[in-house]
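Here the structure comes first, spelled out in structure tokens, and everything after it is commentary.
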Amino acid sequence: MKLSVIIVNYNVKYFLEQALLSVRRASRGLEVETWVVDNNSVDDSVRMVQEKFPQVHLIQNQDNPGFSIANNQAVRQSKGEYVLLLNPDTVVEEDTFEKCITFMDAHPEAGGLGVRMIDGSGAFLPESKRGFPSPWVAFCKTVGLSRLFPKSRLFNRYHLGYLDEMETNEVEVLAGAFMFMRRSVLDEVGLLDEAFFMYGEDIDLSYRIIQGGYKNYYLPETSIIHYKGESTKKGSLNYVRAFYNAMIIFARKHFTGNKATLFVLMLQIAIYLRAGLTVVSNFLSRAYLPLLDGLVVYTGLFFLKDFWGAYHFKDPDYYSSSILYVNFPLYVGIWLLSIFFNGGYDERYRLRRLVRGVMLGTLVLLAVYGLLEQEYRNSRALILLGALWALTATVGVRMLMHFIAFRHLRIGEEGEMPIVIVGTVEESERVQQLLHKAEVHRPVVGTVAPANEPHDQTIYLSRLEQLEEVVHIYNIREVIFCSRDVPTQAVMQWMSRLGPAVNYKIVPRESMSIIGSSSRNTAGELYTIDIRYNIVQSMSQRNKRLFDISFALFLLLTLPLQAILVRRPLGLLRNSLWVLIGRYSWVGYAATDKEDVSLPAIRKGILSPLDGLRVHHVDQATRQRLNFFYAKDYNTGKDTEICWNAWRNLSRHTTS
């Protein structure tokens, strides 16, 4: 056996399917065995592998032991002269394995090999070639010197920016997404260190390969797509903690004395620094639009105050200064909260949600106005004028943002950017059916003929070599390649040629998914015909939690009355407190003999859809269907209805 390909999978079924298909193509004519180690996925990955890739050796873990342990499980059982550790969110070219084997056979001093990686937009991933994270290298990366001087040998040794992307060179660290290694070297230096759960194990093994007297190489003669580049995970505090803690393990293992102490100290500082930056960045990414709306609305109210005072009361100073720091912040806050809870910040260009939020917020303001003390009441007309300004201003902000992003003001058409499909007519029709079933409402301009297909102008827009002209003429924003008809190498060449202005997706042969990613800064994305559950939508989750809190507070405030209506008042008190702190929801799934892992996870409920039926004896199949429809068609009205129908059961006993 020449090569053993090992893929560790965890809940990325569709990407795994595409990776395995590309591995199958790259294995033709070679002695290759493929191993998949599944770390207790709940997305039917195992069944997909068993049904579609019966020739693959499958290891099913009953828990998630981590990346290192899982890879080692397969390495120990595999037979290949060479071992490739491959991420499931990758696509290899048809000749990737052949070129890697040829290189390694010709360079007996090579212990490991990495290749050129691009993201889902065709952009080069700098982590394709890396240096060891010495204290100086880590310092330059942490403080940003490597980014300021990307080509510097002194400041950017982390990504070896001074080495040409298209030249073969010795490197120090192989990327964990693609580690092509000689088995005899692994037998000598050891497998992945299982002290690393995730991150850092690639650096550690690369270091040991070089310490063993061998060399690691970077080979750009072949490329792979890696959908989730390194920066994909950096928006997560878990990533920051896991990555830098892995670096600390590495430092304590391989460095000694003052060097180790200094490195660990730097890494600990970096953890807090990067965690702080991550928190701030995540906050700003979510809060910048509400903050911008609030600033614009408040500024307008400031001028409206003087305008209305001069126009209606003939006195521009009619309103007291308290309106600036009591009333106006209240107005703005209620409008923003109303937009937020109506989903106006989930999809920024859904103007209907924005308008609904402002209108509902205005109704709340008018109600609050009647409850305020006389000294804090000003003018209802000012509230109405402010509402008109809030609506105009927030819509204006969206239109400006839309114009900057799409260069036109036809809001609602940003999701209608045209698609072109590259493939045969048969595959193109299949893709269009998939798009329809996945509810992707995007116009398909037409089909471009693959290289080996005769160009019939009555069927195809053009030949593949004219794809660039098609993209320009029809203002194409997304290209879908049919992998059955277009070689992966050609796909990557076109991605690099057309650039990041276009989104790219690949539909694997006979697959029910269409996979891609717009950049290395976004996780891989896909179109599938899987069920879409309303309960996983941000607005639904937020409104469900708001309902839980509001209803719990209402029950607590009316507890003396509830003592008459419910069976166990103390149980109602206990359950209300459980819901308030987030341990329970008022409504969850009905209990079944076995947990249905295909349904989205939600909090355990005091009640369930079964309570809404007012029945007691229901079989397991009916319970499962009730749970399915509850998740699929969820809205807060369902929770309201269930709680109303089962009011007396709100105090039922729960276990913490």
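The values are calculated or read from the model by the stated rules, or taken from the named source; none is laboratory data. Not measured: the values here are computed from a predicted model. Please note: Cβ atoms are built from the backbone with ideal geometry, for glycine as well, and neighbour counts cover all protein chains shown.
Within the stretch 629-656, restricting attention to residues that are closer than 19 Å to G343 by Cα and small (G, A, S), the residue that is surrounded by the most Cβ atoms within 10 Å (Cβ to Cβ) is A631. Within the stretch 132-162, the set of residues being buried (at least 19 other Cβ atoms within 10 Å of the Cβ), assigned to a loop (DSSP other than H, G, I, E, B) and over 25 Å from the mean Cα position of the chain (by Cα) comprises P133, F155, N156, R157, Y158, L160, G161.
The C-beta contact set for the stretch 132-146 (first residue closer than 17 Å to I248 by Cβ, second residue aromatic (F, W, Y), distance under 6 angstrom, 6+ apart or interchain) comprises P135/F263; V137/Y158; K141/Y158. If you go through the stretch 157-187 and keep only what is touching a Cys at 6+ places or on another chain (Cβ under 8 Å) and modelled with pLDDT under 90, you end up with R157, Y158. For the stretch 278-324, the tally of residues that are more than 19 Å from L336 (Cβ to Cβ) and β-branched (V, I, T) stands at 3.
Across the stretch 103-116, the number of residues qualifying as under 22 Å from L192 (Cα atoms) and in contact (Cβ under 8 Å) with a residue 12 or more places away in the chain comes to 8.
Confirm whether V137 is modelled with pLDDT of 85 or more and hydrophobic (A, V, I, L, M, F, W, C). When the stated conditions are applied, V137 does not pass them. Annotation: E429 fulfils all but one of (1) among the acidic types (D, E); (2) assigned to a helix (DSSP H, G or I); (3) touching a residue at least 40 places away in the same chain (Cβ under 8 Å); the unmet one is (3). The selection criterion, being out of contact with any strand residue (DSSP E or B) (no Cβ under 8 Å at 6 or more places or on another chain) and more than 28 Å from E172 (Cβ to Cβ), holds for K13. Among the conditions (1) farther than 20 Å from M181 by Cα; (2) out of contact with any Lys or Arg (no Cβ under 8 Å at 6 or more places or on another chain); (3) surrounded by fewer than 19 Cβ atoms within 10 Å (Cβ to Cβ), F53 misses just one, which is (2).
So which residues in the stretch 438-454 are surrounded by 14 or more Cβ atoms within 10 Å (Cβ to Cβ) and among the acidic types (D, E), if there are any at all? E453 - this is the single residue of the stretch 438-454 that is surrounded by 14 or more Cβ atoms within 10 Å (Cβ to Cβ) and among the acidic types (D, E).
Of all residues in the stretch 188-206, those being modelled with pLDDT of 90 or more and within 21 Å of E170 (Cβ to Cβ) number 4.
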